[in-house]
Amino acid sequence: MNPQTDKLVRRTTMVATAVASYFLLTADYGPEPNVLDPIKKAIFSVETSVKEYIFGSKKESQEGQVVSDRAKEHP
């Protein structure tokens, strides 16, 4: 087989294997827990932490808003 064709076939096979594995791992299992749940929870936790660090937590912004609303009501 031509070396370029062989290389293309190997790369296509690797990509197809990775895509098939991804779809099999992330398939809808319904309400039952699956292997990826801890990973999904960790990713969500990190995402939430980064958002809170960058934009501030919702709790802090709500407390600040309540204080500023009270200040407006009672000057």
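What follows is calculated from the coordinates using simple rules that are stated; it is not laboratory data. Just so it is clear, the model here is predicted, and its values are computed rather than measured. Don't worry about glycine lacking a Cβ; one is built from the backbone with ideal geometry, like all the others, and counts go over all protein chains shown.
Count of region 1-49 residues, restricted to those that are of a type outside the set (A, V, I, L, M, F, W, C) and surrounded by 10 or more Cβ atoms within 10 Å (Cβ to Cβ), is 20. Considering only residues of region 1-46 that are aromatic (Phe, Trp, Tyr) and in a helix (DSSP H, G or I), which is nearest to Ser57 (Cα to Cα)? Filtering region 1-46 for residues that are aromatic (Phe, Trp, Tyr) and in a helix (DSSP H, G or I), the one nearest to Ser57 (Cα to Cα) comes out as Phe44.
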